[in-house]
Structure formats: structure tokens, C-alpha cells
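Heads up: the structure comes next, in C-alpha cells.
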Amino acid sequence: MLRLLGLLLLLSLPAAAAAASDPPRAAPVAVQAAAGPAAGHAGPVQALAVLPQGGVVSGGADGLLYLWSADLAVARPLAPAATAPVLALAALPSGGFASGGQDGALSLWGDPPGDHPALRLEEHAGPLVALAAQAGLLLSASADGTARLWQPGQPPRRLEGHRGPVTGAAFRADGLPVTAGGDGQLLGWPAGEAGGVARPVLLASFGVPLSAVLGLPGGLLVVAGTDGLLRLLAMPTAAPAAAALASTGRHVEAGRGPLAGLAASADGSLLAAAGPGGGLSVWSLPEGRLRHSLASGGVAVGSLAFSPDAALLYAGGADGRLRAIDLQRGVVLGPAAAAGSPRPARPAAIDMEGARVFRGCGGCHSLSAPPSGAAELKAGPHLGKLFGRPVAGVAGYAYSGALARSQGIWTKQALADLLTGGAEAPPVAHPAPAPAVEEAEDLAALLRFLEQATKD
């Protein structure tokens, strides 16, 4: 706890902080085996962080945080009750960790973490979706279109430059804060006068929304996008405004749909990525060679982390389970059981061609319904249990026009007609231009994928 005290004092500013009151301590919670009925998350595991001493912290859509042993044999809940869904975690170099979530608040936890955060900071007006930490600095990214740089002795710096949600946060090897956005831009934030932050520098621009960014030793930046590509940018660290990135960058195809999870080993030699199709890929760096292609039983994976020695890869699934994959032996430790009734695993033979076609839809539509009480994070209605439900069947979504009045149900034929402009399509005025699927093979693959991936 003492190692975190300095950072807490530096960040505890009256204008920015809402210090958590010290509520009465609940009775100590007994450590439970991972297979026990009360261990694990009741919803998707959306964030992971590995602490320097080897423990694993998981955050879920159920609003809970758990501290796990390195082998996932035991787990301890870190808060007596659920809060807002957890979307981001980051281990702090000085000890402890930071968490952020749907309510936009940044929470700092001690070393070892207690039952409540040591400090709660409220700056963002929207969900806090990404965190990065380096040498006493924190970088937070939010769906409100801004980022914050929390640095010693100063109020948090508001970073504005993206056109839309800020989806990724990282520090380059030389300490340059870097953010990725739904606008497809990668921005660097060089230091300004008197310790401030200057105008952002455009490091790269892509034609697809970005979902994550990592900074690795040697100046390498790894950027994930909704097109399933991992972009490896060898960035000179001498000048923030490195030009001609196209000549120093390359990409590898890690999936055929949006990438939701991204992690790198501490030494930067291994890179892992995962997406909604359920597969996991592990790559050797800097050469970008595929080292492992791992199955997850068709379960969508949304969060990844390596153990400190890179012997284990932790994967958090949409079924609420946390898995540890032994990369040397190729076996899975666990998996940890989810609380309550976990979602059924999706079919292992999920249609990857359909997942590729779906990437044009994934920016607006989730494949499954959010957990009970959680908000829908995407602009369009979710697709959970799509086939057989009423056309305007998502409760709480503001359907408009003929769509709101439709009495039909979604079938594969109705969806095919919507996407191809067929005469039998339900009377739907799609709020955004529906992506045309011109090839019959692509349409068939998309329908197979949606039938598999939207069952739960």
C-alpha cells in the first residue's frame, strides 16, 4: 500500500477527485476455489491485468472485480457488491492497479488490493474503455471522445483530438502517450511547455475504426482494428512526429472480424489477439510469425493478458470464464467456473467466412445482449437471439418509423432480403445504410455465422 501512496497523493486533486468514503469493512471474504459456485463472473470478462507479483485481476460486465492466483485455483472478490460494468484494467508499476468502467470513473487500488478502491477519480463524461500506466503516469481513454493524462503534481490533462470515441491508450517506449480512436486515427501527445501537453500529432490514419493499441519495447506500436488486422508500426522514438509510417509498418491478419482483445508479453516478444469468432492467435515479434492458433470452444474472447514470464496466456470469455493457457504444453488450466448459469458455449466450428463478412456490421451491433442492468454500448440494437424475435424486439431501443410499427419477426430470409433489397424484406428503414452483401457466398456465410453466434 505504501508504494501506491505517492501516486494517490499526486492524483488526489479536489477538482478532479471524488475520494471514496471509507465504508464499514465487510467481514473478510473467504478465498474460494475457482470451481466453486460463487467464484467467477456472471457476465463477460471484459478486462484483465496481471500484477507484478503474479496475481490476476479480472473485471466483468457484472460490475465485479476478482483477484485470482496465477494458476486460477483460487479467487477473491474485491468489492462486496457490483458496481458499474468494468471495461479497463491496468497494473501500476509502483504496485496495485487501476480500473475503469461504464460510469467513467477511474479507481485506484492498493498493493495488496483491499475490499474497496483506495481512491476514486471522476473526470470522464462517458465510459472509460482503456487504461495504460507507465512510471507514475496514467492514461485513460473514454467513449466521450477524450483522454486524460494523469501526471505528478498537475491536474489531469484533457486530451482532445479524436472525432468520436477514444478506444485505446498506450505509452510508446520513449514515454509518448498514444491514443487510438473509432475515427481510425492514431494520435501522439508530446509534452508542451511547463509540463503541459501540446497539440496532438497524427501518427497514422487508417480507414477502419481502431479497437486497441499497445506500446512495446524498442518503439514498436501494435494497433488492432475492426477489420481483423494487426498493424505493427516500427516508430522512431527520436521524434514524435514520425513521418512515412507506411514505409516502416506492416500488418498481419489475426482474424476475419473485429479484434476485441489484445495483449503483449512484458519483453515484447509475444503478441496475442482475439475476436468474436472465438479463436486466439499468438505471434512472435518483431518478425510477426504466427506461433499458436488456439481454439476457445467458439466462445468470444474479449480480454487477454500474459503472465510475467509469458508462460501463460489468460483469456476472458463472454461466458464469464477466465482461462489460463499453458503455451509450452498447449493445455488449459481451469477454466474457472462462472457464477450462476453460464452462457452456453458457441459452436466450435463457427463460420469464419461469415465472421469476416460481419465486420461491416460489428461497429454498430453486438452479437449478444448486454448483462441484465448493463447498458448497450453500441449504437444499434444487439443481435442476441436474433432469429425468431420480433423485428422491433429489443426493449428500450428507440426504433423509428416503419421499423417500430413492424409486426414481423427476423428470419434468415428476412435478413437476407434486408441486406440485398429483396421484395420480402420487412418494412425496415435502416438508420444507417445497410451494408450490401453482393456475393451469394458471402451472404450465405454471414447468415450461418449469425445463426451460430447469436443463439445465446
**Q.** Per-residue HN-Hα couplings for the stretch 86-96 [Karplus 6.51, -1.76, 1.60; θ = phi - 60°; Hz; x = Gly/Pro]
**A.** 8, 10, 8, 9, 8, 6, 9, x, 8, x, x
Q: Describe numerically, in nm with one decimal, the distance between label points set 7 Å from Cα along Cα→Cβ at Ala191 and at Arg405.
A: 6.3
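Since every read-out is calculated from the coordinates, none of them should be taken as a lab result. Every value quoted in this text rests on a predicted model; they were computed, and no experiment measured them. A quick note on method: Cβ atoms are made from the backbone with ideal geometry, for glycine too, and the neighbour counts reach across all protein chains shown.
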